[in-house]
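Take a look at the structure set out below.
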Amino acid sequence: MENYKDVKMGIRKLNIALAVTGRGSEGRDEDSYSYCFNDNGGFIGVFDGFGEMDSTTYSKLGRRTGGYIAGRLAAESTIKMFQNGNFTFSEMDSIKLTSDLKKYIDKVKKNFADNQDTALVPTTASIIACDYSKKDSIMFEYLWAGNSRGYFLDKNGLCQITEDDVVEQISPIDETKKPRVINLVNAETDFKINIKTVRTDAPTILVTATDGAYGSFATPMEFEYALLYTLNRAKNVAQWESLLRRLVSEFAKDDFAIMIVAFGFDDFKDLKHYFFERTKKMFNEYIEPISKAKEENSTSKVEELWNNYKADYYR
């Protein structure tokens, strides 16, 4: 497609919804995802249940952990909110989703928890809603709580839109460290669904991921390259999903979930072609130098590479 600005037509030609999930070496199958689309828009979302914070058993629900239940409840609640036409692409979406999630979680706690005093039913949430009803552009609405993340990926690289809800910030060039997460969706304390909107008229890949996914890579540069490298090697969408799952699984200790949607391309070949130069740039300017820096145990070199990269990552 020579004119990549015709995003509306691109959506009609390709609307990829790609889910990559897995269980890490120390995971408990607590990550979940959901998505739904119609002629005017849709959403993708991932949810990371925090079973380690909920010691309650739920014998009526197959003795699953509170984290397992919370992640799947949040996924189901988001689908229902979309199907009921309640995404308005305004601040009301944050208020409505917070209220809906609280009601769902509270209902499960009251009806199914063996011990309501210890039941938290905690999970993160990272949702990207899409409105492509307009002819000239697409609006993306990012809704999140906790440390699951929402991104977009375009010709300038990966851009993180969400901001982690954590007590202490960590160096973004060491995503393997896990700070304490706050503002989780849960049944005991108040929480808030954060919201940001982005509008674009250019081809875009949307990515939302739990920390078990992006945290499997030491830097944001390596996470972006994992997305692009597997895309470049794949012959079709199913193979991209398989390759990405296999690559993340090699490094993952925690459960992981990634959802990907691509807008504005003729077909999968066109999608690969569009990101081919970016893939080469990432390898030559970041991945190969990072590899050498690690061999030399040079943290200063990795920090220098991060400083070059972060202008677009936080644009």
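The values are calculated or read from the model by the stated rules, or taken from the named source; none is laboratory data. On a predicted model such as this, the values are computed, not experimentally measured, just so you know. Neighbour counts run over all protein chains shown; Cβ positions are idealised from the backbone, glycine included. Please note that ligands, DNA and RNA were not included when accessible areas were found on the heavy atoms of the full protein model with its side chains. Shrake-Rupley method; radii C 1.70, N 1.55, O 1.52, S 1.80 Å.
So how much slack lies between N84 and I182, counting 0.36 nm per residue of separation and subtracting their Cα-Cα distance, in nm?
Values: separation 98, 0.36 × 98 = 35.28 nm, distance 2.92 nm.
Stretched fully, the N84-I182 segment lengthens by 32.4 nm.
Considering only T56, N40, S77, the residue lying farthest towards the positive end of the dipole of segment 38-100 is T56, judged by Cα position with unit charges set on Cβ. By the rule of a C-alpha distance below 22 Å, with chain neighbours fewer than 8 residues away ignored, the lysines paired with K192 are K80, K96, K102, K103, K107, K109, K110, K178. Sequentially through segment 251-267, phi angles give Karplus couplings (6.51, -1.76, 1.60; θ = phi - 60°) of 10, 6, 9, 9, 4, 9, 8, 10, 10, 10, 9, 10, 10, x, 10, 5, 6 Hz, Gly and Pro residues having no value and appearing as x.
Helical content of the chain, expressed as a calculated mean residue ellipticity at 222 nm, amounts to -11500 deg cm²/dmol (DSSP H runs of 4 or more residues, -39,500 (n - 2.57) each, divided by residue number, nearest 500). Sequence-distant contacts, meaning Cα pairs under 8 Å at least 6 residues apart, place the relative contact order of the chain at 26 percent.
In this simple spin-label model, placing a label point 7 Å from the Cα along the Cα-to-Cβ direction at both D312 and S300 gives a separation of 2.7 nm.
When you have a sec, figure out the Kirkwood radius of segment 264-315 from all distinct Cα pair distances and drop it here in Å to one decimal? Write down the numbers at each step before the final one.
Numbers: mean 1/r = 0.0794 Å⁻¹.
Result for segment 264-315, one decimal place: 12.6 Å.
In whole percent, how big is the carbon plus sulfur part of the accessible area of the chain, probe 1.4 Å, protein atoms only? Within the chain, the accessible surface is 47 percent carbon and sulfur. Exposure check, 1.4 Å probe, all protein chains in place: R245 carries approximately 70 Å² of accessible surface. Normalising the Debye intensity of the chain to I(0), with uniform scatterers on Cα atoms only, and taking log10 at q = 0.07, 0.09, 0.14 Å⁻¹ returns -0.27, -0.45, -1.07. In the distance distribution for segment 213-315, Cα-Cα pairs more than 15 Å apart total 66 percent.
Just the ratio, please: alpha-carbon radius of gyration of segment 211-255 over 2.2 N^0.38 Å, N its number of residues.
Working: Rg = 10.2 Å, N = 45, 2.2 N^0.38 = 9.3 Å.
The value comes to 1.09.
Could you tell me the relative contact order of segment 29-135? Use alpha-carbon pairs under 8 Å, at least six residues apart, and round to a whole percent. This gives 39 percent for segment 29-135.
Full extension of the chain segment joining N40 with E163 gains 41.5 nm, where the gain is 0.36 nm per residue of separation less the Cα-Cα distance. How high is the FRET efficiency from I95 to I170, r the C-beta distance, R0 22 Å, rounded to 0.05? The value I calculate is 0.15. Annotation: per residue accessible area for segment 159-315 equals 47 Å², rounded to a whole number [probe 1.4 Å, protein chains only].
Set the Förster distance to 22 Å, then compute FRET efficiency between S291 and R23 from the Cβ-Cβ distance, nearest 0.05. Could you put the intermediate results ahead of the total?
Working: r = 28 Å, r/R0 = 1.26.
Calculated value: 0.20.
For A202 and T118, a Förster radius of 30 Å and the Cβ-Cβ distance give a FRET efficiency of 0.05, rounded to the nearest 0.05.
Accessible surface calculations at 1.4 Å, restricted to protein heavy atoms, place segment 16-97 at 45 Å² per residue. Taking K192, K134, K269 in turn, the Gaussian network model of the chain (Cα-Cα springs below 10 Å) assigns the largest fluctuation to K134.
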